[in-house]
2 protein chains.
Amino acid sequence: MLYPGATALDLIGPLQVLAALDQFGLGFRTVVVAEHTSPMATDTPAGLTASHTFAEVPEPHLVLVPGGVAGTYRAMADPVLLDYLRVAARTARFVTSVCTGSLVLAAAGLLEGRRATTHWTQRDLLAKFGATPVAERWVDDGQIITAAGVSAGIDLALHLVERLAGAKIARQVQLFVEYDPQPPHGPLDWSAVDIPSYRPMVAGWIGEALADHPELRDRLLA
Amino acid sequence: MLYPGATALDLIGPLQVLAALDQFGLGFRTVVVAEHTSPMATDTPAGLTASHTFAEVPEPHLVLVPGGVAGTYRAMADPVLLDYLRVAARTARFVTSVCTGSLVLAAAGLLEGRRATTHWTQRDLLAKFGATPVAERWVDDGQIITAAGVSAGIDLALHLVERLAGAKIARQVQLFVEYDPQPPHGPLDWSAVDIPSYRPMVAGWIGEALADHPELRDRLLA
């Protein structure tokens with residue numbers, strides 16, 4: 001799924017992995033759905049265009065919601081997008097998200113009583129919607145599978161390919177996208193990250209993006 | 001840089017990382033250049049749109065060429081794109097590529113005598129343009145820095161941020177895109193990959209994409 005202002009890598013990381021499944025002759029077809037199929041701005045200088053409208057794909061087998069900053073908070077208040085997710089969730093085998101995309105699932109009422117994750121700066125917000133925040137790279141809670149921030153969508157998508165088509169094909173997809181990560185400075189050092197110190201920054205983002213939606217803003221900032 | 005048929009993640013992985021630099025007040029501005037700014041098809045169901053034309057950004061400080069399959073072979077025969085790269089390379093501090101984007105640099109004559117890498121299926125092709133193929137995640141040969149396949153662009157981009165702005169900022173960007181990779185089945189097992197067995201597949205791609213460019217096709221297939 002795409003919406004204006006999404007983080008481009010939240011969508012394109014998993015999309016590159018999931019779309020590879022279409023080549024295996026198993027009947028999978030990957031599409032990008034949005035309210036319309038004109039270019040949408042992202043949080044990068046690249047625009048992104050969906051291949052299908054929401055109306056054209058009412059019953060996806062799997063749906064994935066990318067995150068972002070201002071655009072994502074506004075998506076949490078978008079009735080068309082939330083309705084699409086609620087209806088899709090009735091029949092979808094998997095309802096998934098990357099980064100703050102899980103806040104959109106939460107706003108649609110889909111995370112109540114669920115274990116879930118999101119970008120590390122905003123994990124605490126999930127509890128405001130009845131979810132249990134979990135500090136893991138991805139959290140598989142059955143139908144609902146959520147990933148941590150931005151690049152975690154690639155790990156999530158390989159897990160999804162395994163759930164959909166088995167470990168052998170997941171390994172082949174990993175080989176083709178040459179996912180053999182070597183961060184120049186190694187993995188993140190979480191012991192050096194003071195998460196609460198970032199809360200004022202997040203509160204500023206929310207206050208600005210949701211000026212026209214005071215009820216949701218206050219729920220998030222409470 | 002964007003062109004029709006590029007692999008979406010080759011561009012968006014590094015773009016998400018490099019665009020984060022724009023937030024640090026160091027004077028960097030990240031853009032996406034292409035022949036035009038209308039949506040272009042990628043190798044996924046998502047379309048991508050550049051923010052600027054080639055003509056608008058004649059002297060980039062850094063240029064990055066994404067890879068792909070058919071679209072990339074055709075880019076190797078696109079005089080407008082190759083001219084842009086040759087002229088940009090005269091003043092750019094860094095000329096970089098992800099995946100088979102290095103074949104486009106090679107076709108522009110920019111890899112002669114250079115150490116370089118590309119997607120594992122096509123590393124041998126670099127030698128046909130005077131480059132020394134290297135099996136590394138990214139290869140820093142001074143002005144020219146090339147990355148391995150698809151997802152390697154994220155590692156490359158963190159290295160580029162470090163070259164441009166130092167290790168401290170590179171680590172902050174890594175934290176914000178939460179690049180703490182956990183491939184579900186661990187790193188790739190290269191000892192299990194029979195690279196020569198994929199050559200007929202690659203030859204088929206090249207033969208089909210370059211039917212109208214027999215000279216380049218024959219050079220690649222020789």
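The values are calculated or read from the model by the stated rules, or taken from the named source; none is laboratory data. Note that the coordinates shown come from a computational prediction; the quantities given were computed from them, not determined experimentally. Virtual Cβ from ideal backbone geometry, glycine too; neighbours counted across all protein chains shown.
For the reader, a short list of remarks on this structure follows.
- When A:Ile169 is tested against the conditions (1) at the interface with chain B (Cβ under 10 Å from one of its Cβ atoms); (2) over 21 Å from the mean Cα position of the chain (by Cα); (3) part of a helix (DSSP H, G or I); (4) not aromatic (Phe, Trp, Tyr), the lone failure is (1).
- All positions within the stretch B:22-32 that are touching a residue at least 24 places away in the same chain (Cβ under 8 Å) and in contact with a Ser or Thr (Cβ under 7 Å, 6 or more places away or on another chain): B:Val31, B:Val32
- All conditions in (1) within 29 Å of A:Ala20 (Cβ to Cβ); (2) in contact with a Lys or Arg (Cβ under 7 Å, 6 or more places away or on another chain) hold for B:Asp22, with the sole exception of (1).
- Residue within the stretch A:150-162 that is within 10 Å of another protein chain (Cβ to nearest Cβ), assigned to a helix (DSSP H, G or I), surrounded by fewer than 21 Cβ atoms within 10 Å (Cβ to Cβ) and more than 11 Å from the chain's Cα centre (by Cα) present: yes
- Test for A:Leu175: is it of a type in the set (A, V, I, L, M), buried (at least 21 other Cβ atoms within 10 Å of the Cβ) and either without any contact (Cβ under 8 Å) to a residue 60 or more places away in the chain or within 12 Å of another protein chain (Cβ to nearest Cβ) (or both): no
- Taken as a whole, the structure places A:Trp138 among residues that are in contact (Cβ under 8 Å) with a residue 12 or more places away in the chain and touching a strand residue (DSSP E or B) at 6+ places or on another chain (Cβ under 9 Å).
- In the stretch A:189-214, the qualifying residues are those that are assigned to a loop (DSSP other than H, G, I, E, B) and either aliphatic (A, V, I, L, M) or touching an Asp or Glu at 6+ places or on another chain (Cβ under 7 Å) (or both), and the one that is surrounded by the most Cβ atoms within 10 Å (Cβ to Cβ) is A:Leu210.
- Any hit, the stretch A:181-188, residues being in contact with a Cys (Cβ under 9 Å, 6 or more places away or on another chain) and either within 27 Å of B:Thr44 (Cβ to Cβ) or surrounded by 17 or more Cβ atoms within 10 Å (Cβ to Cβ) (or both): no
- The listed residue being in contact (Cβ under 8 Å) with a residue 12 or more places away in the chain, in contact with a helix residue (DSSP H, G or I) (Cβ under 9 Å, 6 or more places away or on another chain), among the polar types (S, T, N, Q) and away from chain A (no Cβ under 14 Å), out of B:Thr100, B:Thr72: B:Thr72
- Considering the stretch A:117-137, the residues that are buried (at least 24 other Cβ atoms within 10 Å of the Cβ) and of a type outside the set (Gly, Ala, Ser) include one that is nearest to the chain's Cα centre (by Cα), namely A:Thr118.
- Evaluated against (1) of a type outside the set (S, T, N, Q); (2) within 22 Å of the chain's Cα centre (by Cα); (3) within 10 Å of another protein chain (Cβ to nearest Cβ); (4) over 21 Å from A:Ile169 (Cβ atoms), B:Leu210 falls short on exactly one condition, (3).
- Any hit, the stretch B:18-29, residues being in contact with a strand residue (DSSP E or B) (Cβ under 7 Å, 6 or more places away or on another chain) and at pLDDT 95 or above: no
- B:Thr44 meets each of the listed conditions (1) within 11 Å of another protein chain (Cβ to nearest Cβ); (2) surrounded by fewer than 22 Cβ atoms within 10 Å (Cβ to Cβ); (3) touching a Ser or Thr at 6+ places or on another chain (Cβ under 8 Å); (4) not aliphatic (A, V, I, L, M) apart from (2).
- Taken as a whole, the condition of being surrounded by 17 or more Cβ atoms within 10 Å (Cβ to Cβ), within 9 Å of chain A (Cβ to nearest Cβ) and within 13 Å of A:Ala8 (Cα to Cα) does not apply to B:Thr30.
- Hey, B:Leu64 under 14 Å from the mean Cα position of the chain (by Cα) and at the interface with another protein chain (Cβ under 8 Å from one of its Cβ atoms) or not: no
- For the stretch A:43-70, residues that are among the charged types (D, E, K, R) and in contact with a Lys or Arg (Cβ under 7 Å, 6 or more places away or on another chain) total 0.
- Qualifying residue in the stretch A:141-148 (condition: in contact with an Asp or Glu (Cβ under 6 Å, 6 or more places away or on another chain), outside any loop (DSSP other than H, G, I, E, B), surrounded by 18 or more Cβ atoms within 10 Å (Cβ to Cβ) and within 11 Å of chain B (Cβ to nearest Cβ)): no
- For the stretch B:1-21, filtering for residues that are within 14 Å of B:Val177 (Cα to Cα) and within 11 Å of another protein chain (Cβ to nearest Cβ) leaves 9.
- The condition (being free of Cβ contacts under 8 Å to residues at least 40 places away in the same chain and under 16 Å from the mean Cα position of the chain (by Cα)) is satisfied by just one residue among B:Thr42, B:Thr37, B:Thr53: B:Thr42.
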